[in-house]
Amino acid sequence: MQKNPWTIELLFGVVFLLLSMLTAWLTSYWALSFLIWALVYIIWKWIELYHFYVWYASGSDLKKVPLSSGIWEVLSNKVIKYKKLNKKTLKNNAFLIHQFNTTAQALPYATLLLNSNFEIKWSNQESQKLFGIVEKDLNSKVENIIRSPNFIKILGKTDEVNDVKIDNPTDSSKKIQIRLIKLSNKRYLLVARDISEQESLRKSRKAFVANASHELRTPLTVISGYLEMLNSANDLDEIWKQPIHQAQNQAVRMEKIIDDMLRLSSMEHGRYLERDNSKADVPKLLNSVFNQVKTSTYAEKHALKANINSELTIDVDTEEITSLALNLLNNAIIHTPAGSTVSLEWFAEGTQALLNVCDNGQGIEEKHITHLTERFYRVDNSKDKNTNSTGLGLAIVKQICDNHNATLTITSEINKGSCFKVYFPIFS
């Protein structure tokens, strides 16, 4: 049970009072006796206070605890207790810091800890390999080391996470991807990795698609030319007209597939790496796309509706958003029966901009929904759908969403219709 310091001090007071009374009884000097013993008590406590202060101010060495009593003894014990607790906490923290450093140094990515001024406070070994950062660079501004304009742009953004792909500052022939993560108002985490091999592979894939498409397009042009010539011949036997017409339709479809493959390849591996989105007049763009589709011959048996917020503009790539809207509207028309209603909406929803394309067609079974954005995946394998659809439309839509940090959600009910919603972040 802990002693009450005030009880102890009271006992000391009683003892000194009795001593003063005894001295006064023996000497008959009552006032002087009380005064002398009171001074002795005060001097004693002041001496204890002095030794306690000197000990505490010099670091509270546990091996040099001063002798004390009463209140000063209790205070000394509390200091000793918290000193031991603090020592244990520091030991645990040192172990955790050591574990963190060991783990962080083993990370395969360059990792930097930045303060609110984007000054480097900590870095791992991979940072030295990737950026050439050494110990003397600590407390330097990160933009003095990574000077890419595209990287400096993201330092001014307030998003939780920002990504950018730039040339390696120490080797311009290589590409690196940087992710800046906001930990708090005073801390940022920068993670970077070398993506040169991935970029090289992407370029190889792009070259392969381009070369393959070119090699396919050349003979296809010749075949299409001969089919068109045969189809327009006046002396062609009736028995050959239908197969030649079907072959011509398939040639046209193959041309569409080649065009879509090239477009998708370009989006995946080409200019989007250096894209510079600007504030676009999305309402005007969507109105243009909507009118283009509405007046087309294949949409004449459908009812098209639009509800577009004319004030809502965001940072987008105009060409890609045009392609996205066209693909969603075309898909809705191709995959719904005549007489169906297709609606296009563009409005703000919370902190996001929503592009919504809905129809009241036959709907899509749930088992197909997660596969719709896969290349060449088909729900309906009828000849009519195969002629009008390349099977790449939603794959292109998904890639455009990825390029814009947008989210595509698909909902559908059998015999009620389907909705394709694209949520774009709104940057202020």
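The values are calculated or read from the model by the stated rules, or taken from the named source; none is laboratory data. No experiment lies behind these values; they were computed from the predicted model shown. Note that each Cβ is placed from the backbone with ideal geometry, even for glycine, and that neighbours are counted across all protein chains shown.
Being exposed (fewer than 13 other Cβ atoms within 10 Å of the Cβ), within 30 Å of LEU262 (Cα to Cα) and among the acidic types (Asp, Glu) narrows it down to one residue among GLU135, GLU197; which is it?
When all the criteria are applied, what remains is GLU197.
Kindly establish whether LYS165 is part of a strand (DSSP E or B) and either under 20 Å from LYS182 (Cα atoms) or in contact with a strand residue (DSSP E or B) (Cβ under 7 Å, 6 or more places away or on another chain) (or both).
For LYS165, the condition - part of a strand (DSSP E or B) and either under 20 Å from LYS182 (Cα atoms) or in contact with a strand residue (DSSP E or B) (Cβ under 7 Å, 6 or more places away or on another chain) (or both) - is met.
Looking at LYS256, LYS186, which one is surrounded by fewer than 13 Cβ atoms within 10 Å (Cβ to Cβ) and touching a residue at least 40 places away in the same chain (Cβ under 8 Å)?
None of the other options fit; the residue is LYS186.
Return yes or no: is ALA104 at pLDDT below 80 and surrounded by 12 or more Cβ atoms within 10 Å (Cβ to Cβ)?
So ALA104 fits the description; yes.
ILE97 - would you say it is modelled with pLDDT under 80, touching a Leu at 6+ places or on another chain (Cβ under 9 Å) and part of a helix (DSSP H, G or I)?
No; evaluated as a whole, the condition is false for this residue.
Identify the single condition in (1) surrounded by 15 or more Cβ atoms within 10 Å (Cβ to Cβ); (2) more than 60 Å from the chain's Cα centre (by Cα); (3) not polar (S, T, N, Q) that VAL79 does not satisfy, given that it satisfies every other one.
Of (1) surrounded by 15 or more Cβ atoms within 10 Å (Cβ to Cβ); (2) more than 60 Å from the chain's Cα centre (by Cα); (3) not polar (S, T, N, Q), only one is false for VAL79: (2).
Tally time: how many residues in the stretch 341-372 are of a type in the set (A, V, I, L, M, F, W, C) and surrounded by 20 or more Cβ atoms within 10 Å (Cβ to Cβ)?
Qualifying residue count, the stretch 341-372: 8.
Can you pull out every residue in the stretch 22-76 that is exposed (fewer than 11 other Cβ atoms within 10 Å of the Cβ), closer than 25 Å to LYS87 by Cα and of a type in the set (Gly, Ala, Ser)?
If the condition is that a residue be exposed (fewer than 11 other Cβ atoms within 10 Å of the Cβ), closer than 25 Å to LYS87 by Cα and of a type in the set (Gly, Ala, Ser), then ALA57, SER58, GLY59 are the ones that fit.
Give the number of residues within the stretch 358-373 that are part of a loop (DSSP other than H, G, I, E, B) and more than 29 Å from the chain's Cα centre (by Cα).
6
Consider only pairs whose beta carbons are under 9 Å apart and that are at least six residues apart or on different chains; among these, list those whose first residue lies in the stretch 317-342 and is farther than 15 Å from VAL293 by Cβ and whose second residue is hydroxyl-bearing (Ser, Thr, Tyr).
The qualifying pairs are ASP317/TYR272; ASP317/SER278; THR318/SER278; GLU320/TYR272.
Specify the residue that is modelled with the lowest pLDDT; the eligible residues are those in the stretch 1-35 that are more than 60 Å from the chain's Cα centre (by Cα) and not in a helix (DSSP H, G or I).
Here the residue is SER28.
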